[in-house]
Structures are given as C-alpha cells and as structure tokens.
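The values are calculated or read from the model by the stated rules, or taken from the named source; none is laboratory data. Predicted, not measured: the structure shown is a model, and the values here were computed from it. Here the Cβ is made from the backbone with ideal geometry for all residues, glycine too, and neighbour counts use every protein chain on show. These area figures cover heavy atoms from the full protein model, side chains too; ligands, DNA and RNA do not enter into them. Shrake-Rupley method; radii C 1.70, N 1.55, O 1.52, S 1.80 Å.
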Amino acid sequence: MSAPTAPTARDRTRAANRAGIGAFIGSTIEWFDFYIYGTASALVFDKVFFPELDGALGTLVAFATFWVGFLARPLGGIVFGHYGDRLGRKKTLVITLLMMGLSTTAIGLLPGYASIGVAAPVLLVCIRMIQGIGLGGEWGGSVLIASESAPKGKSVLYGAFAQQGSPVGNTLSTLSFLAISQLPDDAFVSWGWRVPFLASALLVMVGLFVRLKVSESPAMARLIEKKEVAKLPLTEVLRSHPMLIVLGIGACTIGLSATYFKSTFALSWATSALSFDRSSFLTIILVANITQIVVQPFGAVLATRMKSWSRAVCVMLVPELVLMPVMFVLIGTENYGLAMFGVAVATIPHCLYYAALAGMLASRFPAHLRYTGISLCYQLCGTLLGGTTPIIGQSLLNWTGSITAVIVYAVFQVALTMGCMLLLLRRPNHDETAAEGVSGAAATAPLPAR
C-alpha cells in the first residue's frame, strides 16, 4: 500500500478557509442565541417572568438572570477546555453548538410566571446556565480551530473569523427583535418575543452541517499524534501560567463589556428613563452592529501589518477613552440622530481591538494548554466584568440618578483592558509554526514576543 501523499499548499489553504468559515458560522449562531437573551432581558423578561417587581427593580432582576449565563461560562470553559485540549477542538464544538441551540429553543417554549408561577423564573435561570456552559466552551474552540489552521503569519487574521460571529450574531438578534417589536405590546409580551428563540432550532441545523465538515486543527492533530496532550490542562495552566490568566482576564474586558453597555444597559436606559421608543433604539443598535461588522476585520489586518502589536493596541483603544463618554452624552440628549452617531462611532475602537484579541491572547499560551487557557481568561472576564455590566450600570444609575457614574465605570474598563494587554504582550509568544508554514503547529521553542 502506497504512503498517503502530503497535503499541498492549496489543500492547506482550502482547509484553513473551511476552518475559518466554519468558526464564523458556528460562532454567529451561538452568539445570536446568547444576545437574544440580553435583548429580551432588557425589553420583556421583567414582565413575563418577574411581573410582581415594578420598574427599575424588575429590570435589575432580569439583568441578574442575564448574568447567570456569565456565571456558568467559566464552567463551560473548564469542561470543554479540558476535552478540547485532550481530544480535539472539533468534537467539543459540535457538542457546544447543540447545547446552545437546545437551551435557546427551550427558553422560547418556557411558560411565563402567569402560567406556572415561581417555577417559570427558576427554570429560566437553569436553562440560562446551560446556555452559558455551552458558550463557555464554544469561544475558545472556534478561535483555535481557525487560528491554528491559518497560513503562516496569519493566525490573528484567521482568529478574527470566529470574532466576526459576535457582531453578526448581535445584528441578527437586533433585526429579529426589531421586526417583532412592530407587534402591539400585548402580542409582543405574550408570544412575539419567543420567535427569535424558536428560530434557533433551524439555525443550529445549518451550523451543524457546516461544522461537521471542518477538519481538526493541525496543531491539535500533531499533539494527539505525538501523544503530547496535557493530562490535566486546568491544573497545569493554573500552576504554570497564573499571571497569564490574570492579565488575560483584564485584557478581554472592553472587548466583552462594550456590547452590553450598548445593547443591554443603554437599551434599557434609553427606553425606560429617556424618551426613546423600543423600535427607535433597536435601530440605533442595529446601525452600530452593522458598523462593527464592516469595521471589525480591519483590526485583525492592522495587527497583522503593524510590526508592534503593543502599538496596534494603543492605536485601537486610546480613542475609546474619549468616545465611550461621548456615546452616553449623545444618548442623553434624546436626539435620535446624535444618539445613533454616538453609538456607531464609539463602536469602532473596541471592535477593532476585539478582532485582534483572540489571536493575541492565544499566542501567549502553549498549544497543549491553549483551549483551557484562553477559555478561562475570556469566560472569567465575562463573569466578573462583562456580564456584570448591565447590573453595575443600572445600580450606579439607580444609586446616583446620573449617567456620570456609568461613564466613569466605562472609562475605567477601557483603561484596564489596555494596561493588561500591553503587559500580556511582553510575555513570550508561543504561536508556534511548522516548517511547511501551518500556523500553530508544535515547535521546540517559542517565537520571540511580538
């Protein structure tokens, strides 16, 4: 029997592109599922599941259930990071997609408080936890199967395929709620909000079809072949790289929380305390999401072309220190055009950064611990800093009666992100490449820090 022929450069490029597209489509569906919950918690969950709590208190409790998903995400990162670092990226991604789709559909079928009483919010929280576990395992796998399959020198660019799923999923979420928000209030509250959740079942079928055709990443395939996988990835990464975890958590902050400042907290603030109606502010968010879809890939291009990733981070994030406060001020004018401009322009810096975040973060962990390492950073950040954004924002607003405290908190998050990423980039770069030019393959020594 003749030996199998080595893959050609064209074969490797085709496999890399398939991995990137598969990561993009799968992550789009998973983020759609996650974001529709945030939108529903801002618009309707207080009425459906917490009708006995009035006004701002009901909104705050609805945001608390939103945060439950973030509490569960580190567990998903640990469980699926373990199996992803031992068995492979592809297998875990199929499971996480199914978990997200089934739990999202279940929320769409869940009776409200008026039908089953306190069991309704209890079940909502339980299903939200399953949703959070699924997404906790999804992000790291999507990033790695794309970035580790990338051609030489393009790991950040291909990692951005998975990152692009977030704004596209958010846009689909906003479009779906914008469409059903045209319904009368009674219809919207009774059944309209359920439509996006039920539509998830169809989207998951599409995602599975695409994801099953994606090959395992070359880096992981080599580790499995050479039997160099970690026995206990979580223990090893915490023992060997604790500061990477701490810095990685901080470095992810504004990449996660900025979306929830806009699409969850600001949506609730604008439609309850200000004069915006539901459809108007959803349209503002939609324009910002489309801006992100168009602009975000340029962040990966910028990081790939600039000699210094640290310089690229500063170019991306320094403007956000000004534009985030401007966004809240312009929303506060209650002028539709000014608010739309403010939200769209403030989206640009953090979306550029978000595109490059995945590849930069992954490069700081060795391949055999990478899934667990980046998942811990991203998901713990989501729990501690990202998912708490609507709760802290609403609490600051309730406590002070002014948006100023929220603005100060947003600026703090931008500064924290920039400082932690600059420190992280001073650590060794483990973005290993094989001699034939496949990014992420096992090598004997890490590359110099970039």
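Modelled spin-label separation between Val189 and Arg14, with each label point placed 7 Å from Cα along the Cα-to-Cβ direction: 5.7 nm. Applied to region 29-34, the Karplus parametrisation 6.51 cos²θ - 1.76 cosθ + 1.60 on θ = phi - 60° returns per-residue 3J(HN,Hα) values of 5, 5, 6, 4, 4, 6 Hz, with x for Gly and Pro. Peptides 151-160, 299-308 ranked from most to least packed, by the mean per-residue count of other Cβ atoms within 10 Å: 151-160, 299-308. Net length available on complete extension from Thr404 to Ser275 is 44.6 nm, with 0.36 nm assigned per residue and the Cα-Cα distance removed. Ordered from highest to lowest accessible area with the whole protein assembly present and a 1.4 Å probe, Phe209, Phe261 read as Phe209, Phe261. 3J(HN,Hα) along region 248-265: x, 4, x, 5, 7, 3, 6, x, 9, 6, 4, 4, 7, 4, 7, 7, 10, 5 Hz, from the Karplus curve 6.51 cos²θ - 1.76 cosθ + 1.60 with θ = phi - 60°, whole Hz, x for Gly and Pro. Between the listed residues Met129, Ile36, Tyr83, the Cα displaced farthest toward the positive end of the dipole of region 1-160, a dipole computed from Cβ unit charges relative to the Cα centre, is found at Tyr83.
Per-residue extension of 0.36 nm, minus the Cα-Cα distance of Ser395 and Leu321, leaves a gain of 24.4 nm for this segment. From the Cα gyration tensor of region 84-186, with a ≥ b ≥ c the square roots of its eigenvalues, which class applies: rounded if a/c is under 1.5, or else prolate if a/b is larger than b/c, or else oblate? It is oblate, given that a/c is not under 1.5 and a/b is not larger than b/c.
May I ask you to rank Leu384, Leu102 by accessible area, largest first, using a 1.4 Å probe over the protein chains only? Intermediate results must be reported in sequence, preceding the final value.
Details: Leu384 105, Leu102 125 Å².
Reading off the accessible areas and sorting them downward yields Leu102, Leu384.
Carbon-plus-sulfur accessible fraction, the chain (probe radius 1.4 Å, protein heavy atoms only): 70%. On a per residue basis, region 59-100 carries 32 Å² of accessible surface, using protein heavy atoms and a 1.4 Å probe. Residue by residue, region 285-293 carries 3J(HN,Hα) couplings of 5, 4, 4, 5, 5, 5, 4, 5, 4 Hz when phi is fed to the Karplus relation 6.51 cos²θ - 1.76 cosθ + 1.60 (θ = phi - 60°); x denotes Gly or Pro.
Would you count, across the chain, every pair of lysines whose alpha carbons are under 16 angstrom apart, provided the pair is eight or more residues apart or spans two chains? Working shown, then result.
On the way: Lys90/Lys213; Lys91/Lys213; Lys152/Lys307; Lys154/Lys307.
Number of lysine pairs found: 4.
At a Cβ-Cβ separation cutoff of 4.7 angstrom, cysteine residues of the chain with no neighbouring cysteine are Cys126, Cys314, Cys351, Cys377, Cys420.
Solvent exposure of region 184-307, expressed per residue, is 44 Å² of accessible area, with all protein chains present and a 1.4 angstrom probe.
With protein chains left intact and a 1.4 Å probe, residues in region 138-178 average 20 Å² of accessible area per residue.
Rank Arg18, Arg89, Arg426 by accessible area, highest first, at a 1.4 Å probe radius? Present the calculation step by step, with values, prior to reporting the outcome.
On the way: Arg18 100, Arg89 0, Arg426 185 Å².
Output order, biggest surface exposure first: Arg426, Arg18, Arg89.
On a C-alpha basis, how far is the centre of region 21-90 from the centre of region 306-340 in Å? Whole number, if you could? For region 21-90 versus region 306-340, the Cα centre distance is 26 Å. One decimal place: the segment Ser115-Val287 gains 58.2 nm when fully extended, by the rule 0.36 nm per residue minus the C-alpha distance.
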